[in-house]
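Laboratory data are not the source of any read-out in this text; all were calculated from the coordinates shown. All values derive from a computational prediction rather than experimental measurement. So basically every Cβ, Gly included, is an ideal-geometry build from the backbone, and we count neighbours across all protein chains shown.
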Amino acid sequence: MRLDPLALPVRFSAEDSAADGRMRTVEIDRNRVLVHRTVRGVHMRLNMPLAAFLGVAVRLMPARVEEDDAIAIVLEHRDSTLSVPLHIASETDNVIADWQMWGRVLRQRLLVAEGDGTLREPFAMIGPLMLGEVVRRRRRHTVLKGRRPKIYSRRAQTRLMENPVVHRGEREIIAPE
């Protein structure tokens, strides 16, 4: 299973252990996630904003019988039954690139799932650089702080005449309204 983060909104079916028929329908948009499922005969439609999710996590899925271990990219929720799988693959060719793309498109934190299920941020030392934000240097303590911009040096200063010409007693050319 591989969803394209640049083709949102996307609608797909996913496995759900708590739902009737063990399936649910998920629709992902840039602002929300819609989950349709039936539990014990009760139809549910959950409309969750992306702010309700913890982030986009990469996790190692345990192998089933006669299968290799799989790597999954999951939109993690506090309630693990509401987490949404975005990408499941047995090869690791483009998993990191897809993981970062999902985090950027959905504006979510990038997380790594540990073996015991806990989530952590992998780039705590790098911080905002992995999400594409620019860290700007403050210009307060630079050598050129007190320097005026070049545009002011090109302008000529206006000087008043020593004896300005004043016209008194003449008629006004422009009539008042």
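With r defined as the distance between the Cβ atoms of residue 120 and residue 94 and R0 fixed at 35 Å, what FRET efficiency is calculated, to the nearest 0.05?
For residue 120 and residue 94, the calculated efficiency is 0.95.
Which cross-chain or sequence-distant (5 or more) residues have an amide H under 5 Å from the amide H of residue 109, H modelled 1.01 Å from N in plane?
Residues meeting the criterion, in which the H sits 1.01 Å from N, are 56.
Modelled label-to-label distance, residue 158 and residue 39, 7 Å Cα→beta-carbon offset: nm?
7.3
Could you state the per residue volume, in Å³, of the convex hull enclosing the Cα atoms of the stretch 5-131?
Cα-based convex hull of the stretch 5-131, divided per residue, equals 120 Å³.
Name the residues whose placed amide hydrogens come within less than 5 Å of the amide hydrogen of residue 83, ignoring near sequence neighbours (fewer than 5 apart) on the same chain.
77
Fully extended, how many nm does the chain gain between residue 18 and residue 51 (0.36 nm per residue separation, minus their Cα-Cα distance)?
Result for the pair: 9.5 nm of gain on full extension.
Where does each of 12, 53 land when they are ranked from fewest to most other beta-carbon atoms within 10 angstrom?
12, 53
Filter the GluC sites (Glu not before Pro) in the stretch 1-80 to those in DSSP coil with at most 16 other Cβ atoms within 10 Å of their Cβ, and list the result.
Those that pass, being in a loop and sparsely packed, are 66, 67.
So, R0 is 35 Å and r is the distance between the beta-carbons of residue 8 and residue 69; what FRET efficiency does that work out to, to 0.05?
With a Förster radius of 35 Å, E is 0.80.
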